[in-house]
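These notes concern the structure reproduced below.
The values are calculated or read from the model by the stated rules, or taken from the named source; none is laboratory data. Nothing here was measured: the structure is a model prediction, and the numbers come from that model. Neighbour counts are summed over all protein chains in view; Cβ atoms, including those assigned to glycine, are modelled from backbone coordinates with ideal geometry. Keep in mind that these areas ignore ligands, DNA and RNA; they rest on the heavy atoms of the full protein, side chains included. Shrake-Rupley method; radii C 1.70, N 1.55, O 1.52, S 1.80 Å.
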Amino acid sequence: MPAALVLLAAGSGTRVGATTNKVLLPLDGSEDPASSALGLSLRTALEVPDVHRLVLVVRSGDEDAVAAVAQPLLGEREIAMVAGGETRHASEQAALGVLRADIEAGEVDVVAIHDTARPLATTDLYTTVVGVAREHGGAIPAAPLTHLATRDLQPVGGALVGVQTPQAFRAADLLAAYAQAAADGFDGTDTGATVERYSPGVRIVAVPSTQLNLKVTFADDLRAAAALS
């Protein structure tokens, strides 16, 4: 059964120092919107096999700019565009609203949700998290964290990882978790936090990843992503 992919692109450019949504900024300094974090993320998502639905969550007012990036890449493919909310959780909720009918009809068995501010996620990573979620219930990429220090500059011991996206979960469990979260007014920090809270029986497996799957947060991250892309 095919999966559904959700691409989150409803953020801003505040910490990057831009007035434009950071995922729309060309990484290579050119004027080509396809070289943006959104363009790279969408190009990769379109290469993931066995995808039934693709949903793009955008910030209200960015629809035309996002469409200018997406349309040249889509070819014969279709994508659903939906306005996001004030928080990441609200944006995920909006995407699941688009997918609800397909999930309830059994046409989608896994949903993977990805932050387009991580433009270097690979097709293999998508395929892996979808496959692991299909087998176990949920999958989250995790990369080792090193060189961490406490407030008094003491090294942080132990094996620590940073959680990334795409995060994938069995569709019915994901939908049920977000329905309960909506009823409670809960706003999760990421997809996994909501599933863990409202679907505790779902096994969430850590999938090995690396720091190359970086998140564009500050201006230096734009340059790093461009160098690595």
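Within the stretch 105-140, the residues that satisfy the criterion of being out of contact with any Leu (no Cβ under 6 Å at 6 or more places or on another chain) and assigned to a strand (DSSP E or B) are 110, 113, 137, 138, 139, 140.
Comparison of 161, 195, 207 shows that the only residue that is open to solvent by less than 20 Å² (accessible area, probe 1.4 Å) and in contact with a Pro (Cβ under 7 Å, 6 or more places away or on another chain) is 207. For the stretch 69-80, check the following and say yes or no: at least one residue is outside any helix (DSSP H, G or I), open to solvent by 70 Å² or more (accessible area, probe 1.4 Å) and under 19 Å from residue 178 (Cβ atoms). No; the residues of the stretch 69-80 include none that is outside any helix (DSSP H, G or I), open to solvent by 70 Å² or more (accessible area, probe 1.4 Å) and under 19 Å from residue 178 (Cβ atoms). The condition of being in contact (Cβ under 8 Å) with a residue 40 or more places away in the chain, of a type in the set (A, V, I, L, M, F, W, C), part of a helix (DSSP H, G or I) and open to solvent by 20 Å² or more (accessible area, probe 1.4 Å) holds for only one of 66, 98, that being 98.
Scanning the stretch 107-144 for residues that are open to solvent by less than 10 Å² (accessible area, probe 1.4 Å) and among the hydrophobic types (A, V, I, L, M, F, W, C) yields 108, 110, 111, 112, 113, 117, 121, 129, 133, 139, 143. Among residues of the stretch 128-152 that are at pLDDT below 95, none has a Cβ under 9 angstrom from a residue that is surrounded by 18 or more Cβ atoms within 10 Å (Cβ to Cβ) and in a helix (DSSP H, G or I) at a sequence gap of 6+ or on a separate chain.
All conditions in (1) modelled with pLDDT of 90 or more; (2) more than 28 Å from residue 25 (Cα to Cα); (3) not in a strand (DSSP E or B) hold for residue 165, with the sole exception of (2). Checking 24, 42, 120, 96 one by one, the residue that is closer than 23 Å to residue 202 by Cβ and not hydroxyl-bearing (Ser, Thr, Tyr) is 96 and no other. Remark: residue 171 matches the filter, which requires a residue to be crowded, with 21+ Cβ neighbours inside 10 Å and closer than 14 Å to residue 136 by Cα. State which residue is nearest to residue 141 (Cα to Cα) when the search covers only the stretch 180-191 and only residues that are crowded, with 20+ Cβ neighbours inside 10 Å and out of contact with any Gly (no Cβ under 7 Å at 6 or more places or on another chain). This residue is 191. Can you find a residue in the stretch 103-121 that is of a type in the set (Lys, Arg) and under 30 Å from residue 218 (Cα atoms)? Yes; the residues of the stretch 103-121 include at least one that is of a type in the set (Lys, Arg) and under 30 Å from residue 218 (Cα atoms). Flag: residue 177 matches the condition of being open to solvent by less than 20 Å² (accessible area, probe 1.4 Å), in a helix (DSSP H, G or I), touching a helix residue (DSSP H, G or I) at 6+ places or on another chain (Cβ under 8 Å) and within 22 Å of residue 86 (Cα to Cα). Counting residues in the stretch 195-216 that are assigned to a helix (DSSP H, G or I), hydroxyl-bearing (Ser, Thr, Tyr) and touching a helix residue (DSSP H, G or I) at 6+ places or on another chain (Cβ under 9 Å) gives one or more.
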